[in-house]
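Have a look at the structure below, then the notes.
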Amino acid sequence: MSATTGKKANRQLILQALTDPKFRKQLADDPEAALGSGKLSEARRREVALVLATVKGIQAQISAVGDQLLCANGGCGIAKA
Amino acid sequence: MASTWACNLRCSYCFVDGRGLSGAAAAMSRAMAERLLDALDAGLSHVESICVHLYGGEPLLNFAALEALAARAANYPPERFSFAITTNGVCLSDRALELLDAGAFAVVLSLDGPPEVHDRCRRTAAGEPTHTRVMACLEALRARTRCLVRGSSVVRRGWRLREAQAYLRSLPVDCIKAQPVRALGPIPEALTRADYAAYHEDLEALGDQVIDEIERETAPRDDRFNARVLRLLAGEGGTTFCGAGDASFGVLPGGEVLPCVLLPAEGNRLGHIDDEGAGWVEAGRRWAEARPLRAECRGCAELGLCGGGCPALMPVCAESECVLNQWTCEIARRIYGHFRAAPERLLILAGA
C-alpha cells in the first residue's frame, strides 16, 4: 500500500469513527469485528489506536470554537472602556 | 492564569488599563503558582491533561511565577500539564527563554505589523517603540527554542486584516492570528462601518485561501475556521463558545477562580484555588449551565457553530461580536461545502 493510499484509508477510518458513534465504540471494543477482518496485526492495532486518539482529539478541538483575541489562542486587543 | 496585571507597555487599545485590575494582588506569588498546579491537578482529576496559559498584563514580568510553575510541573507526569504564554516579547530574558523551551511553551507573540504599524500603538510606558525588540524576541524563540510560535496582530483602523495576514505570513511563525480590535468606546483605532466591510471582504478572501491550503494538503496557518469546520464534519453542534466555567477557567493573581480572566470578578467568582474540595469546579459547571442565552441567539441558524459568543465580550459589544461570529460561521460552512465530495480532506484541520 502506498503512503498516499494508506493515508487516505486512515482518513476514511477516522471520518467513519468521527461521524458514527456506534462504529467508534465497536472499533474501540472489538476492532476486528468493526473492520470485518481476522486477527489484527500489531501495526494495524497501532493504527486503530491512532484513529481513536485522533477522533478524541477532534472532539476536544470542537468542544470550543473560541478564537477571539483574548482566548487561549489570542493576544490582547480589546480597547479600553 | 493572569500571573500579573502589571505591564511594561501602554498599548493604546489595551483593555486591562481600563478595568482597574491593578491593585493589591498585582502579581501572583511563587507559592501561589505552585499551589495553582496542585489545585488544578486535584480539582481536574477527571481530565487527562491541563493547559496553563499565562496571561496579563505581561506575564514575563512575573518571572518568579513562571519559574515556580516550571519547577512544580516537573513533579507531575510530562503529559499532565502543558503550557502557553501570551507575551508582548519586549522583556524576554535568556533564563525565560530556557524555561519556555524546557516547558515546551506555545508562545503567542503580539506583533501587529511592520514598525510603522506596530509602534503606532504598542509602546513602552516611557513611549519607546518596541518592534525591534519584539523581532529580536521572535528570532531568539526560533533560534533557541522548540516552542510553537503564533504571531498575533490586532486589526484596526488603518490596518486591514489582509495586511496583517500578509505581514504575519512573511514571518517565521508557525501559525497566525489577526483579530479586530474591540472598541468599548470611541477610540482612534476603532473600526468604522467601512472598516468592518473591508474586514468582511478580507475574511472571505481568507476563506478562499484556507480552501486553497487544504487543497494543497497544507494545514492553514490561520486556523480560526478549524473548530467550526470540524464541528460540521463531525455533525455535532456545540452549546458553548469556549467552554468557560466547564472546560476552561481563569485564575487571577490572587488565586481567585473565574470562568475566564476577562470576566469581571463581581458576579463571576467561582472560588479560590485554596478552597477545600475544589468547589470552583462545580461552581464553574453551574455557572456554565446557568449562563443565559441571548434572545437573539435563540433560533439563530449559527448557534450550533457559534455557541452564543464570547461570554466576556458579548455583554459589552454584542452587536459587532455577533456579526463577526456570523461571518466566521458562514465562511466555515463554505469551506465545509467545498469539500463535500471528499470530506476526509478536512481532517488536515485536525492534523490528520
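The values are calculated or read from the model by the stated rules, or taken from the named source; none is laboratory data. Predicted model, so just to flag it, every value in this text is computed and none were measured. A quick note on method: Cβ atoms are made from the backbone with ideal geometry, for glycine too, and the neighbour counts reach across all protein chains shown. The protein model used for the area step is the full one, side chains on, heavy atoms only, and it has no ligands, DNA or RNA in it. Shrake-Rupley method; radii C 1.70, N 1.55, O 1.52, S 1.80 Å.
The residue that is most open to solvent (accessible area, probe 1.4 Å), counting only those in the stretch A:43-81 that are of a type in the set (D, E, K, R) and at pLDDT below 70, is A:Lys80.
Here B:Leu206 fulfils each of the conditions (1) at pLDDT 95 or above; (2) farther than 23 Å from B:Ala332 by Cβ; (3) surrounded by 15 or more Cβ atoms within 10 Å (Cβ to Cβ) apart from (2).
For the stretch B:221-237, the set of residues classified as within 12 Å of chain A (Cβ to nearest Cβ) and open to solvent by 30 Å² or more (accessible area, probe 1.4 Å) consists of B:Asp223, B:Leu232, B:Gly235, B:Glu236, B:Gly237, listed by residue number. Please find, within the stretch A:16-42, the residue that is least open to solvent (accessible area, probe 1.4 Å) out of those that are outside any helix (DSSP H, G or I) and away from chain B (no Cβ under 14 Å). Per the stated criteria, the residue is A:Leu40. For beta carbons closer than 7 Å, sequence separation of 6+ or different chains, a first residue in the stretch A:10-36 that is farther than 17 Å from B:Gly235 by Cβ and a second that is polar (S, T, N, Q) and assigned to a helix (DSSP H, G or I), the qualifying pairs are A:Ala33/A:Gln26; A:Ala34/A:Gln26. How about the stretch B:305-344: which of its residues are closer than 15 Å to B:Ala234 by Cβ and at pLDDT 85 or above? Residues satisfying the conditions are B:Leu305, B:Ala332, B:Arg333, B:Ile335, B:Tyr336, B:Phe339, B:Arg340, B:Pro343, B:Glu344. Among residues of the stretch B:246-266 being assigned to a loop (DSSP other than H, G, I, E, B), open to solvent by 10 Å² or more (accessible area, probe 1.4 Å) and modelled with pLDDT of 90 or more, the one that is nearest to the other protein chains (Cβ to nearest Cβ) is B:Phe249.
Being among the β-branched types (Val, Ile, Thr) and closer than 11 Å to B:Leu161 by Cβ is the filter here; which residues of the stretch B:201-230 pass it? Listed by number, the list is empty, since nothing qualifies.
You will find that of B:Thr240, B:Thr218, the residue that is at pLDDT 95 or above, assigned to a loop (DSSP other than H, G, I, E, B) and surrounded by fewer than 24 Cβ atoms within 10 Å (Cβ to Cβ) is B:Thr218 and no other. Apart from one condition, B:Gly284 fits all of (1) open to solvent by less than 20 Å² (accessible area, probe 1.4 Å); (2) within 11 Å of chain A (Cβ to nearest Cβ); (3) more than 25 Å from A:Leu52 (Cα to Cα); the exception is (2). Checking each residue in the stretch B:86-127 for being β-branched (Val, Ile, Thr) and touching a Gly at 6+ places or on another chain (Cβ under 9 Å) picks out B:Thr86, B:Thr87, B:Val107, B:Val108, B:Val117.
Filtered by the rule that a residue be open to solvent by 20 Å² or more (accessible area, probe 1.4 Å) and in a loop (DSSP other than H, G, I, E, B), the stretch B:69-103 gives B:Ala74, B:Asn75, B:Tyr76, B:Pro77, B:Pro78, B:Glu79, B:Arg80, B:Cys91, B:Leu92, B:Ser93, B:Gly103.
Suppose the filter is open to solvent by 10 Å² or more (accessible area, probe 1.4 Å), under 18 Å from B:Asp246 (Cβ atoms), part of a loop (DSSP other than H, G, I, E, B) and not acidic (Asp, Glu); does B:Ala301 pass it? Against the criterion (open to solvent by 10 Å² or more (accessible area, probe 1.4 Å), under 18 Å from B:Asp246 (Cβ atoms), part of a loop (DSSP other than H, G, I, E, B) and not acidic (Asp, Glu)), B:Ala301 does not qualify.
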